[in-house]
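One structure is given below, represented as structure tokens, and several questions about it will come after.
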Amino acid sequence: MSLKFREVDEATITKTIVNKAAQEWVDLAETDVVVVGAGPSGLTAAIYLAKAGLKTVVFERRLSFGGGMGGGGMHFHKLVVQSPAERILEEIKCPFERVQDGLFTVDTSTLIAKLANGAIDAGAKIVFGVTVEDVIFRGGKPPKIVGVVIQWTSIVTSKMHVDPLGVKAKAVVDCTGHDAEVLAVALRKIPELGLSVKGEKAMWAAEAEKLTVEKTGEVCPGLYAAGMAVAALHQTPRMGPIFGGMLLSGKKVADLIIEKLLGKKN
Ligand code: 48H
């Protein structure tokens, strides 16, 4: 390999970045599915949505993947996953260890990398540093969610008054975790929906896992909930650092959207 560096002009670096990003943003302005949040449920949903051929964009407010996975259980770097979610681990080629019948453990960093890689390989676009702060809706009985309102996270945290942009989508999935941020704002600003986010209940792992997956789905036309946002909406219990429910919830929401938009049953 030659050790001679290619000379690069600063203006070329700027033009390349701005040009390519702007071209992509033009394309992102109208998409099939917006997934909000790149945690376990959001990344899993993105894998299956993109695999099915749906144009999928994940907006993540932080500059990293993984959501609550990185913290493991109280910073211990292992997560627990139960059957049948190991099938998802197998599909994304994520190494895991069997602990007991139907119970498995995986390294936090490994699961984050494999889920993110799976989503990108499937064709999903993941954009960091973007906060979804509102939804776009159209009136009707019931009203329909037709997109999201986005802002740079750095603008949100600086509290500067900069007007946001809108991205249209056929389906929006709230995968924002404990605060169910997209549902919270949509349900507050569109009272006709007659719902609100009350927050999850105290811990009961087995019940929480079952109910999270069971209640994953469409909340109102165009707006879906997956992962911990489901528990926050339906006031079901929390589960602690067991992640099978998050993965299965992400897959279930993807299956529902695929069926709705493409008429295909998985
Ligand atoms: C853009 C946003 C916004 C926004 C948030 O918290 P997450 O990991 O969410 P889930 O539901 O996929 O997984 C939950 C799991 O991590 C967890 O917390 C569990 C199992 N807890 C059990 C318990 O008992 O405590 O990821 C959400 C992601 C994060 O990366 C956020 O930064 C991001 O969404 N996010 N992105 N716009 N408005 N709000």
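The values are calculated or read from the model by the stated rules, or taken from the named source; none is laboratory data. Small disclaimer: the values here were computed from a predicted structure and weren't measured. Positions of Cβ are backbone-derived with ideal geometry, glycine not excepted, and every protein chain shown enters the neighbour counts. For accessibility, only protein heavy atoms count, side chains too; no ligands or nucleic acids. Shrake-Rupley method; radii C 1.70, N 1.55, O 1.52, S 1.80 Å.
Residues of the range 11-65 being of a type in the set (S, T, N, Q) and closer than 25 Å to GLY245 by Cα, which ones? Break it down into steps so the answer makes sense when it comes.
Of the residues in the range 11-65, the ones of a type in the set (S, T, N, Q) are 12, 14, 16, 19, 23, 31, 41, 44, 56, 64.
Residues satisfying the conditions are SER41, THR44, THR56, SER64.
Which one is surrounded by the fewest Cβ atoms within 10 Å (Cβ to Cβ) among residues in the range 113-135 that are within 10 Å of the ligand (Cβ to nearest atom) and of a type in the set (Val, Ile, Thr)?
Per the criteria, the residue is VAL127.
Residues of the range 11-51 being out of contact with any helix residue (DSSP H, G or I) (no Cβ under 8 Å at 6 or more places or on another chain) and under 30 Å from ARG87 (Cα atoms), which ones?
Within the range 11-51, the subset out of contact with any helix residue (DSSP H, G or I) (no Cβ under 8 Å at 6 or more places or on another chain) is 11-31, 34.
Correct list: THR31, VAL34.
Further, regarding this structure: Taking the stated definitions as given, is THR14 hydroxyl-bearing (Ser, Thr, Tyr), surrounded by 13 or more Cβ atoms within 10 Å (Cβ to Cβ) and at pLDDT 95 or above? First the steps, then the outcome.
On the way: hydroxyl-bearing (Ser, Thr, Tyr): yes; surrounded by 13 or more Cβ atoms within 10 Å (Cβ to Cβ): no; at pLDDT 95 or above: yes.
For THR14, the condition - hydroxyl-bearing (Ser, Thr, Tyr), surrounded by 13 or more Cβ atoms within 10 Å (Cβ to Cβ) and at pLDDT 95 or above - is not met.
Hey, another quick one. Residues that are of a type in the set (Phe, Trp, Tyr), more than 16 Å from the ligand (Cβ to nearest atom) and open to solvent by less than 30 Å² (accessible area, probe 1.4 Å): find the strands (runs of 3 or more DSSP E) completely inside the range 136-205 holding 3 or more of those.
Details: elements: 144-152, 165-174, 201-203.
Once the strands (runs of 3 or more DSSP E) in the range 136-205 are filtered for at least 3 residues that are of a type in the set (Phe, Trp, Tyr), more than 16 Å from the ligand (Cβ to nearest atom) and open to solvent by less than 30 Å² (accessible area, probe 1.4 Å), nothing remains.
Looking only at residues that are of a type in the set (S, T, N, Q) and in a strand (DSSP E or B) in the range 93-112, which one is most open to solvent (accessible area, probe 1.4 Å)?
Pass one, the range 93-112, residues of a type in the set (S, T, N, Q): 100, 105, 108-110.
So of that shortlist, the ones also in a strand (DSSP E or B) come out as 100, 105.
On the way: GLN100: 109, THR105: 28 Å².
Checking each candidate, the answer is GLN100.
Just need a number here: residues in the range 1-52 that are within 16 Å of the ligand (Cβ to nearest atom) and outside any helix (DSSP H, G or I).
Number of matching residues: 8.
Kindly indicate which of ARG98, ARG138 is touching a Lys or Arg at 6+ places or on another chain (Cβ under 6 Å) and over 19 Å from SER249 (Cα atoms). Give the derivation first.
Numbers: ARG98 fails: touching a Lys or Arg at 6+ places or on another chain (Cβ under 6 Å).
Criteria check complete, one pass: ARG138.
I've got another one for you. Six or more apart or on different chains, Cβ atoms under 8 Å: show the pairs whose first residue is in the range 146-160 and more than 14 Å from THR31 (Cβ to Cβ) and whose second is away from the ligand (no atom under 11 Å from the Cβ) and at pLDDT below 95.
If the second residue must be away from the ligand (no atom under 11 Å from the Cβ) and at pLDDT below 95, no pairs are left.
With respect to the numbered conditions (1) open to solvent by less than 30 Å² (accessible area, probe 1.4 Å); (2) among the charged types (D, E, K, R); (3) more than 16 Å from the ligand (Cβ to nearest atom), which one is the sole condition not fulfilled by GLU60?
Every condition holds for GLU60 apart from (3).
A quick yes/no check of all residues on (1) basic (Lys, Arg); (2) within 14 Å of the chain's Cα centre (by Cα); (3) away from the ligand (no atom under 11 Å from the Cβ):
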site	(1), (2), (3)
GLY222	no, no, yes
GLY227	no, yes, no
VAL230	no, yes, no
HIS234	no, no, yes
MET239	no, no, no
MET246	no, yes, no
GLY250	no, yes, no
VAL253	no, yes, no
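Within the range 64-92, count every residue that is in a loop (DSSP other than H, G, I, E, B) and over 20 Å from the mean Cα position of the chain (by Cα). Don't jump to the end; show me each part of the working.
Filtering the range 64-92 for residues in a loop (DSSP other than H, G, I, E, B) gives 64-66, 70-72, 74-75, 77, 83-85, 92.
Narrowing the set further to residues that are over 20 Å from the mean Cα position of the chain (by Cα) leaves 74-75, 77, 83-84.
Total meeting the criteria: 5.
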